[in-house]
Amino acid sequence: MINDFFWMCSGADTDILKTCPKGEQIKYAGIGGTVFFTAVMAFIATTYALFTIFKNAYVAVFFGLIWGLLIFNLDRFIVSTIKNREPKKEAFIQAIPRIILAIIITVVISKPLELKIFEKEINQVLLVQKNERTLSNKNQIALQYSPEKEVLLREISLLKTEITQKEAVTNALYETYIAEAEGKKGTKLVGKGPVYKDKFEKHNNSLRELHSLQTLNQEKIVQKETLITALKTAQKTSELNGLPVLNNMDGLIARITALGTLPFIPSFFIFLLFLCIETSPIIVKLLSSKGVYDFKLEAQENNSNSWSSQQQSHFKLVMDTDHLINVRIYEELSTEAEIYQYKKQKARELLQFQADTFYQNSK
């Protein structure tokens with residue numbers, strides 16, 4: 001039962017194989033087993049790759065099964081079309097397109113399995129890339145809001161500087177009228193004379209202006225700080241809105257790209273392993289000598305080709321003979337007076353009909 005299944009997988013004629021020696025049966029069972037398990041690996045690899053994309057097990061299994069069957073059919077076709085009849089050099093030349101196709105299939109099968117084997121390392125690379133993208137995204141968003149925030153901060157700084165300058169002026173007036181009262185400066189007379197009162201009044205006026213300026217500028221500062229807080233909130237919201245996109249940038253292409261950043265040798269050896277598995281049936285067919293199965297299959301095909309050739313030759317002879325008979329029949333008919341008179345009568349009627357029709361149309 002199992003042998004029959006693997007023989008079917010190898011693309012061999014099971015009826016002929018049953019009449020062959022045990023060695024031939026084992027050889028083709030091995031070839032069929034390689035074809036079958038290659039299809040199984042293709043199914044697993046494709047299912048994992050599709051699950052990475054769709055995150056749906058049913059969809060991944062369904063399309064993975066279709067792809068596995070497609071690879072199975074391709075491999076079975078490749079193996080079954082290689083015959084041990086031509087010289088080895090011509091056989092290898094004939095097998096080159098099939099080997100190229102096998103290499104393409106190997107890449108398709110091995111890459112998703114490499115993604116699974118190196119999943120932890122790929123996740124680490126994706127994490128680093130995600131952090132870099134997150135930081136880059138924050139910097140780009142910050143550049144959008146920075147000019148407006150810098151303008152507001154400069155305006156706040158100018159308002160505070162204006163208050164500081166006014167405070168410096170008021171403090172200077174305070175020190176002036178105190179020094180006048182103590183007799184240290186100005187008139188250098190101790191006491192609160194007219195000059196003192198004038199300077200004191202100037203200080204009081206400056207102090208009132210300072211209080212008014214502080215109140216007005218503080219209100220402006222609060223408004224601008226509110227705007228800065230709103231900008232920071234909007235910036236934070238933009239960063240949060242971009243996180244889902246950044247978190248989902250771990251699809252198949254991203255993983256393949258991350259795989260390319262890992263050391264080449266381990267990935268290359270995995271590729272070679274699957275290449276050996278995929279091309280082993282072809283290599284076995286090419287390197288193996290002509291066996292009993294090949295002789296029997298060749299004899300059967302030669303018999304079929306001979307019968308087909310005989311049928312074509314017979315059909316050609318029938319057609320040629322029929323053509324010769326028809327030629328002779330029509331040659332004899334051409335000399336019969338009865339047929340001549342009949343065709344002459346019909347020709348006369350046709351010419352009369354054409355003449356009458358032309359006359360009616362002209363009229």
Seminar exercise, completed: Residue set Val125, Val107; condition farther than 30 Å from Leu231 by Cα, surrounded by fewer than 16 Cβ atoms within 10 Å (Cβ to Cβ) and touching a residue at least 40 places away in the same chain (Cβ under 8 Å); output residue Val107
Exercise. Going by the conditions given, is Ser157 small (Gly, Ala, Ser), closer than 23 Å to Ala142 by Cβ and either under 60 Å from the mean Cα position of the chain (by Cα) or modelled with pLDDT of 85 or more (or both)?
Worked result: yes
Exercise. What do you reckon, is Ile283 without any contact (Cβ under 8 Å) to a residue 12 or more places away in the chain, in the same structural domain as Phe37 (by TED's automatic domain parsing) and in a helix (DSSP H, G or I)?
Worked result: yes
Seminar exercise, completed: The condition from (1) at pLDDT 85 or above; (2) not in a helix (DSSP H, G or I) that Val59 misses is numbered (2)
For this session: Could you tell me which residue of segment 164-175 is nearest to Lys202 (Cα to Cα), considering only residues that are at pLDDT 75 or above and hydroxyl-bearing (Ser, Thr, Tyr)?
Result: Thr170
Problem set entry | Selected residue (criterion: farthest from Asp4 (Cα to Cα)) from residues of segment 31-61 that are small (Gly, Ala, Ser) and surrounded by fewer than 21 Cβ atoms within 10 Å (Cβ to Cβ) | Ala57
Exercise. Of all residues in segment 225-267, which are at pLDDT 85 or above and over 30 Å from Lys149 (Cα atoms)?
Worked result: Ile265
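The values are calculated or read from the model by the stated rules, or taken from the named source; none is laboratory data. Keep in mind it's a predicted model, so treat the numbers as computed, not measured. All Cβ positions, glycine included, derive from the backbone under ideal geometry; neighbour counts span all protein chains shown.
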